[in-house]
Amino acid sequence: MNSTNIIENVFAALAGSDSDRISAVFTEDAEWLSPAGNATAVALGRTHHMVGRDTITRFFAEDFPRMFSRDLSVEFRSIHVNGEWAMVEATMTATLTNGNPYSNDYCLLFELRDDLIHRVREYVDTARGLRTVLGEVPRETQQFHE
């Protein structure tokens, strides 16, 4: 399978909230690294650094849908693949469980191993996410966004 197909499969699996399908795209020792203080981690009381296929699967199958309740859509701006690495620029939109719209731009760097996702480094506008999800940037994270 080529790397572009692997990346497309990952996003399809994540959007479906099906734990078996999500689990099938990650290595057992996979990692997902998001910025500290990102809106999803803050709102759900979760870590920004997930380690292990089971942890990542549980997050996307159980926790993620508790925040992004419907109309989840990812618009790809670009996908760049170079061997075992892929970089994705995308905009994610959704309706939050409180009914508010969500929209934010992401850059994700994927490290592949044996046709599976081994590591993801996620870059996102955390201040924009916090304002959208919580209505404000929490005081403890403001120093990084001023």
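The values are calculated or read from the model by the stated rules, or taken from the named source; none is laboratory data. Source: prediction; values computed, not measured. We place every Cβ from the backbone using ideal geometry, glycine too, and count neighbours over all the protein chains shown. Accessible surface areas use protein heavy atoms only, side chains included; no ligands, DNA or RNA. Shrake-Rupley method; radii C 1.70, N 1.55, O 1.52, S 1.80 Å.
Is it the case, given these coordinates, that Phe60 is aromatic (Phe, Trp, Tyr), in a helix (DSSP H, G or I) and within 28 Å of Ala24 (Cβ to Cβ)?
Numbers: aromatic (Phe, Trp, Tyr): yes; in a helix (DSSP H, G or I): yes; within 28 Å of Ala24 (Cβ to Cβ): yes.
For Phe60, the condition - aromatic (Phe, Trp, Tyr), in a helix (DSSP H, G or I) and within 28 Å of Ala24 (Cβ to Cβ) - is met.
Within region 17-34, track down each residue that is closer than 20 Å to Thr93 by Cα, surrounded by fewer than 18 Cβ atoms within 10 Å (Cβ to Cβ) and not charged (D, E, K, R).
Ser17
Looking at (1) at pLDDT 90 or above; (2) part of a loop (DSSP other than H, G, I, E, B); (3) of a type in the set (A, V, I, L, M), can you tell me which one Val137 breaks?
(1)
Can you tell me which residue is surrounded by the fewest Cβ atoms within 10 Å (Cβ to Cβ) among those in region 54-69 that are under 14 Å from the mean Cα position of the chain (by Cα) and more than 20 Å from Thr93 (Cβ to Cβ)?
Filtering region 54-69 for residues that are under 14 Å from the mean Cα position of the chain (by Cα) and more than 20 Å from Thr93 (Cβ to Cβ), the one surrounded by the fewest Cβ atoms within 10 Å (Cβ to Cβ) comes out as Glu62.
If the requirement is being on the phi > 0 side of the Ramachandran plot and touching an Asp or Glu at 6+ places or on another chain (Cβ under 8 Å), which of these qualifies: Gly52, Gly99?
Details: Gly99 fails: touching an Asp or Glu at 6+ places or on another chain (Cβ under 8 Å).
Unique residue meeting the criteria: Gly52.
With over 16 Å from Thr126 (Cα atoms) and within 14 Å of the chain's Cα centre (by Cα) as the only criterion, which of Ile79, Ile7 stands out? Please lay out each step first, then the result.
On the way: Ile79 fails: within 14 Å of the chain's Cα centre (by Cα).
Answer to the selection: Ile7.
Only one residue in Val51, Val42 is open to solvent by 20 Å² or more (accessible area, probe 1.4 Å) and touching a Phe, Trp or Tyr at 6+ places or on another chain (Cβ under 9 Å), so which one is that?
Values: Val42 fails: touching a Phe, Trp or Tyr at 6+ places or on another chain (Cβ under 9 Å).
Val51 is the lone residue from the list that is open to solvent by 20 Å² or more (accessible area, probe 1.4 Å) and touching a Phe, Trp or Tyr at 6+ places or on another chain (Cβ under 9 Å).
Counting just the residues of region 90-117 that are over 12 Å from the mean Cα position of the chain (by Cα) and open to solvent by 60 Å² or more (accessible area, probe 1.4 Å), which one comes out farthest from Ala39 (Cα to Cα)?
Among those that are over 12 Å from the mean Cα position of the chain (by Cα) and open to solvent by 60 Å² or more (accessible area, probe 1.4 Å), it is Asp114.
Do any residues in region 118-134 that are open to solvent by 70 Å² or more (accessible area, probe 1.4 Å) have Cβ atoms under 9 Å from those of residues that are hydroxyl-bearing (Ser, Thr, Tyr), where the two are at least six apart or on different chains, and which pairs are they?
Pairs that qualify, where the first residue is open to solvent by 70 Å² or more (accessible area, probe 1.4 Å) and the partner is hydroxyl-bearing (Ser, Thr, Tyr), are Arg121/Ser34; Tyr123/Ser34; Tyr123/Tyr106; Asp125/Tyr106; Arg128/Ser103.
Condition check: among the aliphatic types (A, V, I, L, M) and under 14 Å from Pro35 (Cα atoms). Does Met50 satisfy that? Write out each step before concluding.
Values: among the aliphatic types (A, V, I, L, M): yes; under 14 Å from Pro35 (Cα atoms): yes.
Spelling it out, Met50 is indeed among the aliphatic types (A, V, I, L, M) and under 14 Å from Pro35 (Cα atoms).
Looking at (1) more than 19 Å from Val74 (Cα to Cα); (2) touching a residue at least 24 places away in the same chain (Cβ under 8 Å), which is the only condition Asp20 fails?
Going through (1) more than 19 Å from Val74 (Cα to Cα); (2) touching a residue at least 24 places away in the same chain (Cβ under 8 Å) one by one, Asp20 breaks only (2).
Taking only pairs six or more apart or across chains, which ones have beta-carbon atoms under 7 Å, a first residue in region 1-16 that is open to solvent by less than 20 Å² (accessible area, probe 1.4 Å), and a second residue that is of a type in the set (Asp, Glu)?
Taking only residues 6 or more apart or on different chains, the pairs are Ile6/Asp115.
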